[in-house]
Amino acid sequence: APDPINLAPEGDRPYWMPDPVGPMVLPGEYTGRLAIERNGVLQETGAARSFVVKALEASPEITSDRRALQAFQIEVAALRRAVTGSTSAMVEMQNRIAHLRAAIVATPATGEAERGVLQQLATRLADVGVALNGDGTVSGRNEPAPMSIASRASNLYYNLVFTQSPAGGNYKDSYAVAAKEFTSALQSLRVIGSDLAALENTMELRGAPWTPGRIPEWSAN
């Protein structure tokens, strides 16, 4: 499954949210093993068992090339993994920026230079957020807005992950659009991450209080 890791108990998941799932395997013979984890140690319970996954030829719409369908499903899953991970990384950066904004106020050695850099980072990150998640200020007023990268990747994934029909041209065209847009957004996010780390290093040199994303420097006199 391409979903980000979530440490919250399963009971906390909304009823309408499905369990994380990946593309279906190809028909064939597989081997499974069961194990119990105790205190970080896996202990197998019995011998491995073999089983056969069979195709159910129940509809004329089922593809005759399952391997090609699965290959595309895996491509779409990889895109969604990267997009959802980037969205989570963006939220972490927003949290770091918020802490830095408060740290500037509490650090006498900082001033307008650091504040200006921080504001530029926040603006650039907001632009990436619009590309990834859409412009909520527009869609929130019931106005038409372009489909975001995250929406396109999610729609593609959930429309394809359970299908056994061939992936049509519309799906492949939509994937190409998402891949092109995400390539640019991901590069921008990486540059912002690098610039944010540089500002955090500057704040450390200025003696700023701790903020998320950095380890304090200290040595005994």
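The values are calculated or read from the model by the stated rules, or taken from the named source; none is laboratory data. The structure displayed is predicted, hence computed values, not measured ones. In this analysis, Cβ positions are derived from the backbone assuming ideal geometry, glycine residues included, and neighbour counts consider all displayed protein chains. SASA here: full protein model, heavy atoms, side chains in, ligands and nucleic acids out. Shrake-Rupley method; radii C 1.70, N 1.55, O 1.52, S 1.80 Å.
Here is how the numbers come out for the structure above:
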item: Distance-filtered residues of region 94-109 - backbone nitrogen under 18 Å, label point 7 angstrom along Ala8 Cα→Cβ; result: 95
item: Net lengthening on full extension, Ala198/Ala68 (0.36 nm per residue, minus Cα-Cα); result: 42.4 nm
item: Difference of contour (0.36 nm per residue) and Cα-Cα distance, Ser184 to Val25; result: 54.1 nm
item: In region 30-95, the trypsin sites (Lys or Arg not before Pro) that fall in loop regions by DSSP, at most 13 other Cβ within 10 Å; result: Arg33, Lys54
item: Relative contact order computed over region 1-147 (Cα-Cα under 8 Å; 6+ residues apart), in percent; result: 19
item: Between region 23-85 and region 138-158, the Cα center-to-center distance that results, in Å; result: 29
item: Exposed GluC sites (Glu not before Pro) absent - longest run of the chain, DSSP non-H/G/I/E/B, at most 15 other C-beta within 10 Å; result: 62-216
item: Computed accessible area, Val105, all protein chains, 1.4 angstrom probe, square angstrom; result: 120
item: Gln164-Asn95 pseudo-label distance in nm [points 7 Å out on the Cα-to-Cβ vector]; result: 4.2
item: Region 53-198, dipole about Cα centre (Lys/Arg Cβ +1, Asp/Glu Cβ -1), debye to the nearest 20; result: 260
item: Dipole of the chain, positive end: most advanced residue of Ala122, Ala68, Trp218 [Cβ charges, Cα centre]; result: Ala68
item: Loop chymotrypsin sites (Phe, Trp or Tyr not before Pro), region 124-178, which have at most 11 other Cβ atoms in a 10 Å radius of their Cβ (DSSP); result: Phe162
